[in-house]
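This report concerns only the one structure given below.
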Amino acid sequence: MMALDTIHSVPISYSISFSVVSLLIILVAWRKLVSAPLPPGPRGSILSGVKVERKHAWRQYADWATEYGPILYYNSNQLTVIVLNTAKVLHDLLDLRSKIYSDRPTTPLWEITGHDRFLTRISSRHAHFPAQRRIVHEELAGRRTHRHFHVIEDNVKALLFNLLLNPTDFRKHLRKCQGSIIMKTIYGYTTAPEDDHFVNLIERFSVVNDAVTKTGLYLVDSYPILKYLPQWMPGGGFQAFISERKAQLKEVVSTPFEWARSEFEAGRTHDSLVGNQLGRREPTTPDSQAGSEDDEIIKHVAAAMYTAGAETTVSAMSTFFLMMIMNPEIHKLAQEELEVVVGNRQMPQFDDRDKLPYIDAIIKEVLRFNPPAPLGLPHTVTQDDVYHGVHIPKGSIILPNIWAVTHDPSIYPDPMKFDPTRYLPSEKQNTPQPNPGKFIFGFGRRRCPAIDLTEAAMFLEVASILALFNITKALDAQKREITPVIDFTGGLVSSPEHFLCKIEPRFEGTLDWIRGNGLFASGAFV
Ligand code: HEM
């Protein structure tokens, strides 16, 4: 009996002390939380909060950070916004506390229209999120990207050909190249030379999507009750707007997917994300729930890729053109490296990448100088948190100020100077400056899943363009050089403002050279 008492009393006393300790921990954490103030930041009007007026919000935030510190808080239209401005706070919160900082903010409008199902916007707590991330990882991570090298090669050849025939439209050609790479690797679909049906569909949608996804733009975001307003009541036209958006979204998500599925069912296999995933999933029966759920997952991953990947890479490539005309000595050094490693009049290959450190450094510097997504994509935090004595409330919108990090002089000295040698060891600097890829592709569980594909495509585009062309300042009617103003657009993706440049073949007979290298083979040019 005694023995039995002892056996039982030990766990009971343990569990009492365990409960007391847990309660104390919770109390201490709670006291810390309630006593911790919000981070410092600008205060706006009581009604609408702070308005960020500047075209480049990231610069405004960086300026505020010098006044208030690396973590800023402000209130905008009743939304709590926290901006993270240094590499350290970004790493501490978005990488190390990724478990609670990987969600995406949503709005009633996105939920009603279904925008919140895309990988770019889906909540990290949604049942489909792990499967969506697994799919992109399976299809695009690391060496798996190599399967798509031939797609990149074909489209880069088409790009070179288009630049030769019609250099003025270089941005259109960059867009075509990137869009075609995505459509082929994701759906197995070869885009038409002009006016492609699917590309037009997605691009039209992206424009509307941009407007729809501006947080707080619509009344329903502030007053969710409005979603129940019948169509016949004043203001009920909103219901028609919703139906239209839903239909548009369904078309964008389903049409290219259904094309890929019909190809798959007809036995025409394409080594694409959708084709491979259809091959992997359980066989479906007409009433199979699992099959249709899998389809939903695949569709929404695939549809996110074009909208996330087209604009960003085109922005980076446009910055590359701008930097080449503004820095002719860097352009020349890159061509000299290519001549030594690849030889004259040769098309660079993927295998050459490791032997071309200067080209690699130019790409890094392009991405640092103008990060295509300067504020990344917004995150949100799923529980109240305290960091260095400040309270980060659950549900706050967390903006990573990537631009502030890539222009932080303590990491990148003289940050407004375009200088690829930052990443190369030299007598002046034993340790090269950090690869901006650490920051510009985002953080934690939401980090961009297409980094390897992006870097491979940018390498081949940059190296091949420099191998074949000289990019210089355009001339006006009096044959004077036009020096562009270095300026970038505002918005989620920031690209160089319109500028002119001259793109000329380096060698006589380039057209013949292009023919000889099979550049007509892909048929994907305009
Ligand atoms: C230079 C080119 C690119 C840059 C700078 C870039 C940057 C980013 C950034 C900053 C994020 C947000 C990460 C975060 O929330 O922390 C992101 C997410 C994403 N990117 Fe990229 N990206 C590029 C190219 C691409 C391409 C080519 C694709 C597709 C083919 C792509 C697909 C995606 C997707 C699907 C997400 C959402 C991931 C998620 O929310 O879980 N990106 N990217």
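The values are calculated or read from the model by the stated rules, or taken from the named source; none is laboratory data. Worth saying up front: this structure is predicted, and the values here are computed from it rather than measured. Please note: Cβ atoms are built from the backbone with ideal geometry, for glycine as well, and neighbour counts cover all protein chains shown.
Scanning segment 481-489 finds one or more residues that are more than 10 Å from the ligand (Cβ to nearest atom) and under 22 Å from T307 (Cα atoms).
Here's a check for you: in segment 404-416, which residue that is touching a Ser or Thr at 6+ places or on another chain (Cβ under 8 Å) and in contact (Cβ under 8 Å) with a residue 60 or more places away in the chain is nearest to V81 (Cα to Cα)? Checked segment 404-416; the qualifying residue nearest to V81 (Cα to Cα) is A404. S426 fulfils the conditions (1) in a helix (DSSP H, G or I); (2) out of contact with any helix residue (DSSP H, G or I) (no Cβ under 9 Å at 6 or more places or on another chain) except for a single criterion, (1).
Within segment 429-457, the set of residues being more than 7 Å from the ligand (Cβ to nearest atom) and within 20 Å of V151 (Cα to Cα) comprises I451, D452, E455, A456, A457. Looking only at segment 273-295, residues that are assigned to a helix (DSSP H, G or I) and at pLDDT 60 or above come to 13 in all. Scanning segment 108-122 for residues that are of a type in the set (V, I, T) and within 16 Å of the ligand (Cβ to nearest atom) turns up T120, I122.
Could you grab me the full set of residues in segment 47-80 that are assigned to a loop (DSSP other than H, G, I, E, B), modelled with pLDDT under 95 and more than 23 Å from the chain's Cα centre (by Cα)? Selection gives L47, S48, V50, K51, E53, N77, Q78. Scanning segment 294-352 for residues that are touching a Phe, Trp or Tyr at 6+ places or on another chain (Cβ under 9 Å) and of a type in the set (G, A, S) yields a count of 7. Yes or no: segment 377-396 includes at least one residue that is under 24 Å from V462 (Cα atoms), under 16 Å from the mean Cα position of the chain (by Cα) and within 11 Å of the ligand (Cβ to nearest atom). Scanning segment 377-396 turns up no residue that is under 24 Å from V462 (Cα atoms), under 16 Å from the mean Cα position of the chain (by Cα) and within 11 Å of the ligand (Cβ to nearest atom).
Quick check, is E504 within 16 Å of the ligand (Cβ to nearest atom) and either closer than 20 Å to R171 by Cβ or aromatic (F, W, Y) (or both)? So E504 fails the test.
Listed here are the residues, each with its yes/no results for (1) hydrophobic (A, V, I, L, M, F, W, C); (2) touching a Leu at 6+ places or on another chain (Cβ under 6 Å).
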{"position": "P434", "(1), (2)": "no, no"}
{"position": "R446", "(1), (2)": "no, no"}
{"position": "T454", "(1), (2)": "no, no"}
{"position": "A457", "(1), (2)": "yes, no"}
{"position": "L460", "(1), (2)": "yes, no"}
{"position": "P496", "(1), (2)": "no, yes"}
{"position": "I503", "(1), (2)": "yes, yes"}
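Residues in segment 107-140 that are closer than 18 Å to G444 by Cβ, outside any helix (DSSP H, G or I) and free of Cβ contacts under 8 Å to residues at least 60 places away in the same chain: S123, H126.
Please state which one of V405, V462 is assigned to a helix (DSSP H, G or I), within 16 Å of the ligand (Cβ to nearest atom) and closer than 30 Å to R104 by Cβ. Answer to the selection: V405.
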